[in-house]
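Student: Structure incoming, see below.
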Amino acid sequence: MGGGYLGQAGLFLVETVFGLYILAVLLRFLFQLVRADFYNPISQFLVTVTNPPLRPLRRLVPGLWGVDLAAVVLLVALSVLKIYLLLFLSGQAAHPAGVVVLAVADLISTVVWIFIIAVFIRVILSWVNPGGYNPALGLLYSLTEPLMRPARRLLPPVGGLDLSPIVVFVLLYLSRFLIVAPLMDLGRVLAQ
């Protein structure tokens, strides 16, 4: 019975440590993609935390059209390693192609959840503290504005009420059903 407890603790540690680091690299990648303020204290923290593996990886994997491909390679590698460790601790094995597809699906799912949470926080803050500013809020607006702007064009404010977050939420949840779920299913089939 003790091995079960130790295994559960190992699964928790792998999921937590890898999850937090993947989140840091993913946020750095997304902030670079939306051209968020590089000198923001949160951005600087993410750069400091993620630079050790990214700096040497950039020598091998150059960027393309302003996209940091080294960060993408690192994200996929970390996600694949996390899944392999979780499978190992669970006493299972999987085909590499399935693990890669599962890793990509997990990363896309994480991106979708980041945007869902960011838009939700932005909506709540617009009710509580409209017009306020702090470094986290600046990054939040930089991250969500590329989604909110087209949604505002599709559904303009009505009577001073911005309904564009509803459009963004619907599209994000649809992407979970139409992109992430099929990828997860494909990854599970290929992993067998």
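Student: Residue under question is A93, and the condition is that it be over 18 Å from the mean Cα position of the chain (by Cα), loosely packed, with under 12 Cβ neighbours inside 10 Å, over 30 Å from N40 (Cβ atoms) and small (G, A, S); does it hold?
Tutor: yes
Student: Using the structure shown, decide if V49 is assigned to a helix (DSSP H, G or I), in contact with a Ser or Thr (Cβ under 8 Å, 6 or more places away or on another chain), at pLDDT 85 or above and surrounded by 12 or more Cβ atoms within 10 Å (Cβ to Cβ). If you could, list the steps in order and put the result at the bottom.
Tutor: Working: assigned to a helix (DSSP H, G or I): yes; in contact with a Ser or Thr (Cβ under 8 Å, 6 or more places away or on another chain): no; at pLDDT 85 or above: yes; surrounded by 12 or more Cβ atoms within 10 Å (Cβ to Cβ): yes.
For V49, the condition - assigned to a helix (DSSP H, G or I), in contact with a Ser or Thr (Cβ under 8 Å, 6 or more places away or on another chain), at pLDDT 85 or above and surrounded by 12 or more Cβ atoms within 10 Å (Cβ to Cβ) - is not met.
Student: Could you grab the pairs with beta carbons closer than 8 Å, sequence gap of 6+ or different chains, first residue in the stretch 112-129 and charged (D, E, K, R), second one modelled with pLDDT of 90 or more and surrounded by 14 or more Cβ atoms within 10 Å (Cβ to Cβ)?
Tutor: Note: pairs meeting the criteria are R122/T144; R122/M148; R122/P165.
Student: Looking at the stretch 1-40 only, could you name the residues that are at pLDDT 90 or above, more than 13 Å from the chain's Cα centre (by Cα) and either loosely packed, with under 12 Cβ neighbours inside 10 Å or of a type in the set (S, T, N, Q) (or both)?
Tutor: Within the stretch 1-40, F12, T16 qualify.
Student: For the stretch 117-154, enumerate the residues that are closer than 18 Å to S175 by Cβ and aliphatic (A, V, I, L, M).
Tutor: I117, A118, V119, L143, L147, M148, A151, L154
Student: Are there any pairs with C-beta distances below 7 angstrom linking a residue in the stretch 145-156 that is at negative phi to a residue that is of a type outside the set (A, V, I, L, M) and in a helix (DSSP H, G or I), with the two at least 6 apart or on different chains, and if so which?
Tutor: Matching pairs, first to second residue: L147/F115; M148/S164; A151/S164; R152/S164; L155/S164.
Student: Quick one: is R149 over 18 Å from the mean Cα position of the chain (by Cα) and of a type in the set (K, R)?
Tutor: Yes: the conditions hold for R149.
Student: Within the group I166, I124, I179, which residue is over 24 Å from F38 (Cα atoms), among the β-branched types (V, I, T), modelled with pLDDT under 90 and assigned to a helix (DSSP H, G or I)?
Tutor: I124
Student: Right, another one. Would you say G91 is modelled with pLDDT under 90 and more than 29 Å from Y133 (Cβ to Cβ)?
Tutor: So G91 passes the test.
Student: Name the single residue, out of those in the stretch 176-192 being among the charged types (D, E, K, R) and touching a residue at least 12 places away in the same chain (Cβ under 8 Å), that is nearest to S109 (Cα to Cα). Before you say what the answer is, go through the steps one by one.
Tutor: Let us first name the residues in the stretch 176-192 that are among the charged types (D, E, K, R), namely 176, 185, 188.
If we keep only those that are touching a residue at least 12 places away in the same chain (Cβ under 8 Å) too, we end up with 176, 188.
On the way: R176: 7, R188: 15 Å.
By that ranking, first place goes to R176.
Student: Still on this structure, I have one more. Taking the stretch 96-141 on its own, how many of its residues are of a type in the set (G, A, S) and surrounded by 14 or more Cβ atoms within 10 Å (Cβ to Cβ)? Show your work before the answer.
Tutor: Narrowing the stretch 96-141 to residues of a type in the set (G, A, S): 97-98, 103, 105, 109, 118, 126, 131-132, 136, 138.
Of the ones still in play, those that are also surrounded by 14 or more Cβ atoms within 10 Å (Cβ to Cβ) are 98, 103, 105, 109, 118, 138.
Count: 6.
Student: So, A70, is that one in contact (Cβ under 8 Å) with a residue 40 or more places away in the chain and either surrounded by 15 or more Cβ atoms within 10 Å (Cβ to Cβ) or not in a helix (DSSP H, G or I) (or both) or not? It would help to see each step written out before you state the result.
Tutor: Working: in contact (Cβ under 8 Å) with a residue 40 or more places away in the chain: no; either surrounded by 15 or more Cβ atoms within 10 Å (Cβ to Cβ) or not in a helix (DSSP H, G or I) (or both): yes.
The answer is no for A70.
The values are calculated or read from the model by the stated rules, or taken from the named source; none is laboratory data. Only a predicted model underlies this, so the values are computations on that prediction, with no experimental measurement involved. As a convention, Cβ positions derive from the backbone with ideal geometry for all residues, glycine included, and neighbour counts pool all protein chains shown.
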